[in-house]
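Just so you know, all these numbers are worked out from the coordinates, no wet-lab data involved. Please read these numbers as outputs of a predicted model, since none were measured by experiment. No Cβ is skipped: glycine too gets one built from the backbone with ideal geometry, and neighbour counts run over all protein chains shown.
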Amino acid sequence: MYGNNYSDNPESTRLYPFIMSKLCENFSYEDSKFSVHKTKDKTARVAMWRELKIPAVYTMEASFCGADFGPNKDYHFGTEHFLEAGKSLCLGLLIYCDVNVPKVLDMLDKGKQKAKDKSETVTTTKAMTRKILVSELIGDKKLLQSGKEDVEVGGSDSAPSEDNMEDEEMAKILPSPANKNKKKEQDKNQKKKPVTSKFFKNDSVEGELALKT
């Protein structure tokens, strides 16, 4: 996941990815990046962060191959993995917004207990409150410093996007106000001119017909 960074309040932009790392076994907080490179100035992520002062604006990427860590390492992702990631994404929003939905959390916790071996300790979703996770994040300087390097690294969000057009290219496609006014003046002058059409009568007499508008 790619996010932005506040040097004086780094936890504000790192909380949601940190929550995701707790919920989704295929999500990597360590590989997430929190920096604003100059090549990303025109992206929605950076623009909303700067103009609207929204800390939780992210680009989330998923692999069509598989994970290189965790229980699914060296296995190809299937549909079920993406569905689980989607569930974690939505549940993460509830935790981030501090919304308590006991019935849903109970169902998720029971599912976790069934999936894990009885001898293993399972962290319940109920224990993942915003307050607890913020405290854990603030208490670990390594987590707060993670991914803040302002350099271009691997990943489509960190490199110049092919969707971003240069200003010169945009100017060619989108006409400037001056060009629009010139076009309107040309259309106006064109309407004032009579339209001339030739016609033939009995293939022998040629004349002109002026259509005034």
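If I take every Cα pair under 8 Å that is 6 or more residues apart in segment 1-88, average their sequence separation and divide by the length, what percent do I get for the relative contact order?
Working: 102 pairs, mean separation 28.7, N = 88.
Worked out over segment 1-88, it gives 33 percent.
Take each peptide in 69-80, 18-29, count the other Cβ atoms within 10 Å of every residue, and average; sorted highest first, the result is 18-29, 69-80. For the residue pairs 73/148; 22/53; 38/131; 38/141; 42/131; 87/131, alpha carbon separations beyond 30 Å are given by 38/131; 42/131. Working note: Karplus 6.51/-1.76/1.60 with θ = phi - 60° gives segment 132-148 the couplings 5, 5, 5, 4, 5, 5, 5, x, 10, 4, 5, 5, 6, 8, 4, x, 9 Hz, where Gly and Pro are set to x.
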